[in-house]
Amino acid sequence: MSVEVRNITKKFGSFVALENINLTAPDGDLVALLGPSGSGKTTLLRIIAGLESFESVSGADILFRGVSVVGDRLSERRVGFVFQHYALFRRHTVYGNIAFGLKVRRGKERLSSRAIRERVMKLIHLVQLDGLELRYPDQLSGGQRQRVALARALAIEPQFLLLDEPFGALDSRVRQNLRRWLRRMHDEIKLTSIFVTHDQEEALELADRIVVMNKGRVEQEGTPTEVFHNPKNEFVMDFLGNVNLFHGRIESGRVFLEQSGIIANVDDRKRFFVRPHEIELVPDNIDNAGLPAKIKRVQLAGAIVKVELTSIENNEIFVEMSHEKYAVHKFQNGDSVFVVPKNSIVFPEDYSI
Amino acid sequence: MTSKIAPVILILLTFFYLGLFLVLPLAAIFVEAFRKGFAVYLNSFNDEYAWSAIRLTLLTAGIAVPLNVIFGVVAAWCITKFEFWGKNILITLIDLPFAVSPVIAGLVFVLIFGRQTFFGEWLLAHNIKIIFATPGLVLATIFVTFPFVVRELIPLMQEQGVLEEEAAVMLGAGGWDIFWRVTFPNIKWGLLYGVILCNARAMGEFGAVSVVSGHIRGETNTIPLYIQTVYDGYAAGASAFAMATLLAALALITLIIKSIIEWKEKRRER
């Protein structure tokens, strides 16, 4: 089931939390709303759920499978919502929490208690909580609570699933496991899902599509590959991973980085954005394309080698390379080297980080 | 060394203070009540007016407490779960009975429903008695005990927030299910605590009730008023103290229930 948001604006007093948001979550996709805190992503999620109102400007609408749901009662929307801190019913057991949505059904929709039991036990098995059904939320670990919240949302057979910072409150190990588990489960049940996160790694790893938000606006929308490799602006570039900023100019198709002593024509001056893994370090300045810098710290522990440098202008530069590549020169702290960007992105100058 | 002596002194001082001002008077009531023997004590209740006072007290509390419980839950629910205009005014008003002297509270009802007023004339013409009758006692008691339940619930419900209720809404629950399955289980101990405090005050209230009662023996005397009448009047002594033991016992039972609730809450939180 596809979800569509059209022209949504939200104000809290004079503060504009969301400004004319348009986005679509295609059927069966796992979509990430990615942005720093205060970017409006949780507000947007709550508006889609129906927990929050929005400004009634013309054209403002929320559609499920092409049909507007704005007038619908919340209970009729059948949206599965997983809250940031789970919001489990503390006086109900795991079983009671998951069964809740089925027990409050009235009339024709009501299931027999045996049918409820069957479905709840199936969900408990799905989220790997077998044997814990009589525990109370405060007797569970964070990861277990998260899975109860998920099972509870799935119990009502929602049309789609909304998750607010689903892994925010967990430690990194549990988070990684749960992330992969959620991705697998999504691949199995193919439920359209939208989740909010401020963690770009989480979004890149988990999502089919990423919506990058900032200050109540959508900066870019696309697949993880698109937003990572073709960022539309400096904000997206910066938010999706570490990035180095250089000033310089382009002369007959070649990049010349600015260094102290060489003052370029101001009109030609451009800002170059370079990811840490797209920089090479060389001992000699062949072709004059490099920028002199001093090595401040080399971190060898990990899958890749991370090198921190300072330029002559005292700017920090981050470089990442494989252990094989590092083995060629084996730079040490204090070594003077030259920084050569292999790939850089230039944005129009109307924007700043 | 001093750090060990100081706490001991302070603790002893506290116990002495409590003993002098709280335990001693309470003990005195029982001592006085039983001074002439258990038979005399029992005989004090062998009095039509005494029984009438007990019945009236139970009736008054029986009406005032449930009404304040219903209002208290509704008001606390509104105040903590919704945003609306005039919320702060409502919160301030709820505290009014705590701020106003009970005598003034009683007087207000006399002024509203008394004979001299427009209301009073209308009531008189329709043969409805409020002042110097049971309805007046109930009204005064409701006024005085009004804040107990709400005051107990608001901080509790504020702390719990609205997340569980929102989760229930998303799962398709209506207002009724949300209250009984989510909100009520979360507040039930706090509510019970508020109820027993409200009840203790409702049964023991003297000031406001005294003003609207008129002290008509066998008709408008609640237990506290009866005690005063008896003590001031002809059969002073044991009889007044015997009735006072009832209120004292009520206080002790209230404290015991309160302790049990607190103990249960603590155990649950562990």
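In this entry, A:A169 is excluded by the filter for residues that are within 12 Å of another protein chain (Cβ to nearest Cβ) and surrounded by 15 or more Cβ atoms within 10 Å (Cβ to Cβ). For the range A:290-353, the strands (runs of 3 or more DSSP E) that sit wholly inside it and include 3 or more residues that are open to solvent by 80 Å² or more (accessible area, probe 1.4 Å) are A:291-299. Among the residues of the range B:68-102, those identified as open to solvent by 70 Å² or more (accessible area, probe 1.4 Å) and under 19 Å from B:G190 (Cα atoms) are B:I70, B:F71, B:V74.
Exactly one residue out of B:W51, B:W77 is in contact with a Ser or Thr (Cβ under 9 Å, 6 or more places away or on another chain) and of a type in the set (F, W, Y): that is B:W77.
Scanning the range A:201-211 turns up at least one residue that is surrounded by fewer than 21 Cβ atoms within 10 Å (Cβ to Cβ), closer than 22 Å to A:F160 by Cβ and among the hydrophobic types (A, V, I, L, M, F, W, C).
Can you confirm whether A:F81 is touching a residue at least 24 places away in the same chain (Cβ under 8 Å) and assigned to a loop (DSSP other than H, G, I, E, B)? So A:F81 fails the test. Only one of the numbered conditions (1) in contact with a Phe, Trp or Tyr (Cβ under 9 Å, 6 or more places away or on another chain); (2) open to solvent by 20 Å² or more (accessible area, probe 1.4 Å); (3) in a helix (DSSP H, G or I) is violated by B:S259, and that is (1).
Select the helices (runs of 4 or more DSSP H) contained entirely in the range B:1-66, then report the ones holding at least 2 residues which are in contact (Cβ under 8 Å) with a residue 40 or more places away in the chain and in contact with a helix residue (DSSP H, G or I) (Cβ under 6 Å, 6 or more places away or on another chain).
Fully inside the range B:1-66 and qualifying: B:24-34, B:38-44.
Here B:G175 fits the description: farther than 30 Å from B:V209 by Cβ, more than 10 Å from chain A (Cβ to nearest Cβ) and modelled with pLDDT under 90. Where strands (runs of 3 or more DSSP E) fall wholly inside the range A:133-239, the ranges with 1 or more residues that are modelled with pLDDT of 90 or more and of a type in the set (D, E) are A:160-164, A:217-222.
Taking residues in the range A:144-165 that are away from every other protein chain (no Cβ under 11 Å), and partners anywhere that are basic (K, R), the pairs with Cβ atoms closer than 6 Å and at least 6 places apart or on different chains are A:Q159/A:R78.
Tell me yes or no: at least one residue of the range A:55-62 is at the interface with chain B (Cβ under 9 Å from one of its Cβ atoms), within 22 Å of A:K41 (Cα to Cα), open to solvent by 50 Å² or more (accessible area, probe 1.4 Å) and in contact (Cβ under 8 Å) with a residue 24 or more places away in the chain. Within the range A:55-62, not a single residue is at the interface with chain B (Cβ under 9 Å from one of its Cβ atoms), within 22 Å of A:K41 (Cα to Cα), open to solvent by 50 Å² or more (accessible area, probe 1.4 Å) and in contact (Cβ under 8 Å) with a residue 24 or more places away in the chain.
Please work out if A:E52 is in contact with a Ser or Thr (Cβ under 8 Å, 6 or more places away or on another chain), surrounded by fewer than 22 Cβ atoms within 10 Å (Cβ to Cβ), within 14 Å of another protein chain (Cβ to nearest Cβ) and among the charged types (D, E, K, R). When the stated conditions are applied, A:E52 passes them. Scanning the range B:187-212 for residues that are in a helix (DSSP H, G or I) and within 12 Å of the chain's Cα centre (by Cα) yields B:Y193, B:G194, B:V195, B:I196, B:L197, B:C198, B:N199, B:A200, B:R201, B:A202, B:M203, B:G204. In the range A:14-38, the qualifying residues are those that are open to solvent by 40 Å² or more (accessible area, probe 1.4 Å) and more than 17 Å from the chain's Cα centre (by Cα), and the one that is nearest to A:P224 (Cα to Cα) is A:P26.
Restricting the search to the range A:95-125, which residues are farther than 12 Å from A:R152 by Cβ, assigned to a helix (DSSP H, G or I), open to solvent by less than 70 Å² (accessible area, probe 1.4 Å) and within 12 Å of chain B (Cβ to nearest Cβ)? Within the range A:95-125, just A:G107 meets the criteria. Between B:I154, B:I223, the distinction of being more than 30 Å from B:C78 (Cβ to Cβ), within 20 Å of the chain's Cα centre (by Cα), aliphatic (A, V, I, L, M) and more than 14 Å from chain A (Cβ to nearest Cβ) belongs to B:I223 only. Note on the range A:70-82: residues that are in contact with a strand residue (DSSP E or B) (Cβ under 7 Å, 6 or more places away or on another chain) and open to solvent by 10 Å² or more (accessible area, probe 1.4 Å) amount to 2.
The values are calculated or read from the model by the stated rules, or taken from the named source; none is laboratory data. Just so it is clear, the structure is predicted and the values come from calculations on it, not from any experiment. Glycine also receives a Cβ, built like all others from the backbone with ideal geometry; neighbour counts cover every protein chain displayed. The area values use the complete protein model at the heavy-atom level, side chains included, leaving out ligands, DNA and RNA. Shrake-Rupley method; radii C 1.70, N 1.55, O 1.52, S 1.80 Å.
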